[in-house]
Structures are given as structure tokens and as C-alpha cells.
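Here's the structure, in C-alpha cells; my notes come after.
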Amino acid sequence: MEKGSEFVVGSENMHLEEPWFTGMDTEETEMGQPNSEIQGFRLEKGEASNMVFSTEAPLVIKESSTSGSCSCSLKKIKSTVAAKGSEFCQKDKSGHDKKLSRQYRIELGQLFQGAVSSHDWELAESLILSADPQTLNDALCVTLDAIWFLSTQQELYGITDLIKKIIANGAYDFTRAALRTSFLASCVSACQSRTMSLADTVTVMAQRLHERLQECHGDEVLKAEAGAKVQKFTEWALKCIGSHSRCQGGNDRVNHCSAIEIQLQLTAFKTFLDLAGNQLTGKDFTEAFDAACFPLTLFSSSFDAGWASGISATVIQGLLDMLVEGGADNVNQCFLEASRFGSTELVRILLQIAQRNSLDVDVDLALGFASHYCKIGTMECLVEEGNAMAFLGPLMRAAERGCMQVVQWFVKRGCRDMELCLALTAATSSSQVGVAAYLLPHVPKHVLTALSIEILKAAGERSGGSLDGVAFLLHSDFLGDAAATYAVADSIAKSDDEAVAPELRAFVQEHWSEAAFLDGLKQGQEHYMKLMRILKRGESPICLRDLPAPLRVGIAYMPLYRECVEVGGRLLSQRLRGQLVEAVRMLGGGSLEEVSQGRELLATLEHHLPPFLVRAPSVG
């Protein structure tokens, strides 16, 4: 249990300042793409770009630009290049450390995006010859993003050759390209599983992100900043997907890929990894893995059941496998996060990846997280596919919190007798009476009898001041034998064991001990004597002696009757039982030595009361 609590503390702020996210900002570069110059959510001037990132920058470049419209003709793009060619060439003469002005970089970036979107590889290659290092890095990102929309072998050859030439001309920011494209690939796979439009997807994503941040603890300002940046970046990804989808003839919906197309896309990504070589470190692969997993937690609630086994998930599975092969070591961390947020399909994918790569994932701890947040579907997956077997900890914590749905799920799945007994103790100690009432019939009587004293002691020790749970067990006759239940309570009352909480001892001494019964008898006798004095010596204008006998009984014992009815349960406390025994004796109830059930006594008292004062028939 300690292991689980430590992870919860350590993970609550997870993804608020994620390594992969702090390396990418949602503000636009000249190519209309999120840049990676921001570290730790601080807006700075990028050293490599000589530009200031504006918080007013649009998320994507306008539809009228060459990168945003697939209808623009190649002829128009080429004529624009020709018109600008002499200017680009002038910039080219400045040498290896050339830097283009911001305006030229914007124009060059837009032209490059248009060329890539139109699959004019020749034009795109000619443009990179005029690019400075920062623009080459942007071009690498744009080109790598396009691989998730490849559909033919010819496109694969064109885009991989372009990637090679961009790198050969000086692109060096492989980390940003890897993180960004991993995030985008995940969004593409997620959107392929959905039937709604991309506009509706943005709304669903924003709502899920808000819910996720609400589940986290931490600085509210940091959470707000993180939420805004993640949402902007995800919106960018969805707009990018929408743009490519329209280019491919889609109607604002993501086209489903065939197995051949998926293989082309993964081949292109593998080519990029091979070209990057040791420029990508294990840390880079780890952060890229995190970047790929994160969007799936936002979309998870809208996935169809079995999505992880369908063709839509093939790309993300292949991507994650390659990242693990490259050195990503956070599979278990992402697995636990996915379990915590109920991302069942991602949990299923990560289970498969762990199995294929012989990696260990903590399915039992994941079950604890899923049950804590009541993610029933994820719990099913972890047990049926992950073979999670540690029910005790999650079951006890659910009982303590009063989470009936989770408790019922564990019980129906099948728990050992001792697990059920400990869960009952947990519910009793935290006064979760509803859960205790549900669990009590499922615990075998022989287990309750053997551990009865320990159950009450443990419940009293961890009660936190409320003994309602203990009172419930006693009133419910949890041992199924009134004499045995009263005897257990009396044993605790007389015990000098230091393990018995003082509050518990005082409670049973006052209400459930043999001494409490005797005190109840004494109180009953004193009450009867006071009543007789009133009848014989009372000076009230209303002579009680003249009232009908049932009304006299009602006046004398109605408070006691009401108190007994209100407590409910099968047994009355010894104190009430003693008072009730004396009341019935005074009413001519005969020998009561064999009567142990308080409800039988209450039925006798009801017989003497006026019918209109009896609330409901007592249960014998």
C-alpha cells in the first residue's frame, strides 16, 4: 500500500510539466508549426531563430496560404518561387551561417509546406537549398509530420529522399522532430477510431483535458498554464490532420488507412530514426514515448471497445515498439498513468508492447490506481488480460472510501474469505455502513466468529472518532447469535488489553456490556417508581389514573419505544434491552429470563400501546 501511495503523490502533477511538452511550445514558427524553443513554459527569444514568439500568433497559418489549401496549383507555387528566387539566392550568399529575415523565412516556410502537401518533392528540395539552419529544422518537422498521411510507394520514396536532403543540408533538431511527430501520430491513430468530425473532437478533447487536470493536485496557476498549452498543441495537431484529410478528399474526417499504407508510414519513420542515429538519446526516445501516449489518454473515453486490436491502432503500436527498441524506458510509468485515468485501450496496447519486448509492468499497482478512480473497464482489462491478482489492497481502500461500485466488482470477481473479512473491517472502521451491510453476508460465519474480537478492536483503533460502524455490526448481530454477539461486546468492555482503543472500550461499556444491561434494568425500575408516584400523588388537573390503560402505557414508555425503533437492526444495545425488559415485566409480561432478542421485547411493548402510536410492526 505504501508503494501505491507514493506513486499517487509522485504522479499527480505528471504531464503538467512533461519533459516532451516543455520541449515544444504552441506558438507558431514561420512554417505555421509549434516551435520547441520554450523550456519550462517560459516565453523566451530562441537563440537559434532570432525571433520572438508572440502569444498572439495564430495556431495554424491561414487557409489562404499555400500550406493551408490543397487547391492551390503547383504552377502558382512555382511562379512564386521564381519571383522570390533572386531574393532567396541573395540570402544564400551570406555563407554557412546564413540567417534569413523573419519575413523571408515566413514566405519560404509557406512555400515549403505547399510543396510537401502537393507532393512536389522536386520543388521542396529546391527550397531547402535557400534555408538557414532554423528553417531546416522546421522543414524537417513539417516533412516528418507528413509521413502519417502517406498512401503510395512513390510518396514514400519522395518523402524519405526529402528527409535525407534536409538532414544533409544541416537540420539537426532531431529531438523536436521526434517528439512532435510522435504526438501527431498518436492523434492520427486516435482520430481514425472516431465517427465524429474533427471540430467535435476538439470539444471532446478539451473537456477530457479539463477533467484530467481537475483530478490532479498542484498549483492551480501551473495547471492552468499547462492545460492551455496542451490544448493549443492538440488543437494544432487536429487542424494539421484536418488539412491533410481534406487534401486526400476527406470531408473533415480522418481517412482509415489500409495495412499497406500503415507499413509505408512506419517504414518512413524507421528511415528517420536510422538517419538520426545516435543523435537521438535514450532520454529522447523516452520523452517521445510519453508524447505518443499522452493524447490517447485524452481520447480514450471515446474509443470503441477493442480499438487496440483494430487496424487504427496498428500505427501507434508500431511507433511505440520502435521507440522502445530505441531506448524508451518509461513503459511502466505510462502504463500506470493510463490505468489511473481509465485509458483502457492504451492500457491494452502497453500490455501487448510489454509482452512483445519482455518488459515488466506493475499490473497490481495499476489495478490499485484504476480502482481508486473507479475505472471499471480498465480494471476488467488488467485482470483478464494483465492477470492482476492483488485484490486485497484495492478492495480495502474502496471499502474505506465507501465506493460501492468497486467493492461490488471485486466481490463478484471472487475474493478470498480473509479479503472479504478485512474489507468489512475497513468499512466498519470508516463508518461506511452501506458497504459494511453489503459485505457482511458475504463473509462466512465461521470466519466472523473466529475473528470477531479482532474485527471490533481493529475497527475501533482506526475509527477516527466515529463508532457508527461498530454500532452497525452489533445491531446487525454480525455473529448470527445474539448471545455470542453480546458476549463479544462484553469481553471487550472488560478487557484490559492496551490494544483496545479507549473510545471503543468506553462505548461498549456504556451500551453493550453486561453492566450496561443491569444499568438499564435499574433505570427501568426507577422510571416505573416515578410513574407510580405521579399516579398516586400527582396534583395535575388531568388524572392519569382515569385514562385508558393503553394511553397510560403510551405516556410512560413512548420515549423508550421510539428510541428502540429508531436504532434499527436485529439487536438492541444492552442498555436499551435492560430498560425494555423492566418495562415489559412491569406490564405483566411474565418470566423474561429466556428472552434475549430485544425485538421480541419490543413486540410485547407494542401490544400494550395504542395502535395509533405504533409506527410500524417490529421485526422479530
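Taking every pair of Cα atoms in the range 396-512, average 1/r, invert it to obtain the Kirkwood radius, and report Rg/Rh to two decimals.
Details: Rg = 13.3 Å, Rh = 14.0 Å.
Reported Rg/Rh (Cα atoms, Kirkwood Rh): 0.95.
With the cut-off at 30 Å, tell me which of the pairs Lys164/Lys283; Lys494/Lys530; Lys412/Lys457; Lys445/Lys522 have Cα atoms farther apart than that. Exceeds cut-off: Lys494/Lys530; Lys445/Lys522. Here r is the Cβ-Cβ distance between Glu503 and Tyr373 and R0 is 35 Å; the resulting FRET efficiency, rounded to 0.05, is 0.60. Take every Cα pair under 8 Å in the range 352-404 that's 6+ residues apart, average their separations, divide by the length, and report that relative contact order as a whole percent. Reported relative contact order: 33 percent. Summing charges over neighbours of Arg413, with a neighbour being any other residue whose Cβ is under 15 Å away from its Cβ, gives -3 when K and R count +1 and D and E count -1.
Using a probe of 1.4 angstrom, how much of the accessible area of the range 402-499 is carbon and sulfur, in percent? List each step's numbers first, then the result.
Working: 2150 of 4090 Å².
It is 53 percent, rounded to a whole number.
Counting heavy atoms of the protein chains alone, Arg397 has an accessible area of about 60 Å² for a 1.4 Å probe. Rounded to the nearest whole Hz, the Karplus-based 3J(HN,Hα) values (6.51 cos²θ - 1.76 cosθ + 1.60, θ = phi - 60°) of the range 131-138 follow the sequence 8, 8, x, 5, 5, 5, 4, 4, with x at glycine and proline.
For Ser495 and Ala437 in one chain, what is 0.36 nm times their gap in residues minus the Cα-Cα distance, to one decimal in nm?
18.2 nm
Taking all protein chains into account, the per residue accessible area for the range 396-512 stands at 42 Å² (1.4 Å probe). Each distinct pair of alpha carbons in the range 477-577 adds a 1/r term; the inverse of their mean, the Kirkwood radius, is 15.8 Å.
Suppose accessible area is computed on protein heavy atoms with a 1.4 Å probe; arrange His475, His119, His446 from highest to lowest.
Numbers: His475 30, His119 75, His446 125 Å².
Largest accessible area first, the residues go His446, His119, His475.
How far, in nm, would the chain grow between Met389 and Ala228 when pulled straight, counting 0.36 nm per residue and subtracting the alpha carbon separation? Spell out each step's value before the answer.
Values: separation 161, 0.36 × 161 = 57.96 nm, distance 3.90 nm.
That works out to 54.1 nm of additional length.
Pairs of Cα atoms nearer than 8 Å and 6+ residues apart set the relative contact order; for the range 368-500 it is 20 percent.
Across the range 160-175, computed HN-Hα scalar couplings (Karplus, 6.51 cos²θ - 1.76 cosθ + 1.60, θ = phi - 60°) run 5, 5, 5, 4, 4, 6, 5, 5, 5, 8, x, 5, 9, 8, 6, 4 Hz from first to last residue, x flagging Gly and Pro. Shown are Asp173, Asp219, Asp145, whose ranking by accessible area with a 1.4 Å probe and every protein chain present, most to least, is Asp219, Asp173, Asp145. Here the range 396-512 is treated with +1 on each Lys and Arg Cβ and -1 on each Asp and Glu Cβ, and its dipole about the Cα centre works out to around 580 debye. Modelling each spin label as a point 7 Å along the Cα-to-Cβ direction, I'd like the Met418/Gln103 distance in nm, to one decimal. Here the modelled spin labels are 8.0 nm apart. Per-residue Karplus couplings for the range 178-188, computed as 6.51 cos²θ - 1.76 cosθ + 1.60 with θ equal to phi - 60°, are listed in order as 5, 5, 5, 6, 5, 4, 5, 4, 5, 5, 4 Hz, Gly and Pro entered as x.
Kirkwood-type hydrodynamic radius, the range 277-368: 13.2 Å, calculated from all non-identical alpha-carbon pairs.
Multiply the residue separation of Asp481 and Arg533 by 0.36 nm, subtract the distance between their alpha-carbon atoms, and state the gained length in nm to one decimal.
Details: separation 52, 0.36 × 52 = 18.72 nm, distance 3.95 nm.
Full-extension gain reported as 14.8 nm.
A 1.4 Å probe run over the protein chains yields, for the range 302-383, 31 Å² of accessible area per residue, whole-number rounding.
Rolling a 1.4 Å probe over the protein heavy atoms leaves Ser126 with an accessible area of roughly 50 Å². The relative contact order of the range 102-176 comes to 36 percent, based on Cα pairs under 8 Å that sit 6 or more residues apart. Counting heavy atoms of the protein chains alone, Cys564 has an accessible area of about 0 Å² for a 1.4 Å probe.
The values are calculated or read from the model by the stated rules, or taken from the named source; none is laboratory data. The structure displayed is predicted, hence computed values, not measured ones. Positions of Cβ are backbone-derived with ideal geometry, glycine not excepted, and every protein chain shown enters the neighbour counts. To get the accessible areas, we keep the full protein, side chains included, count just its heavy atoms, and leave off ligands, DNA and RNA. Shrake-Rupley method; radii C 1.70, N 1.55, O 1.52, S 1.80 Å.
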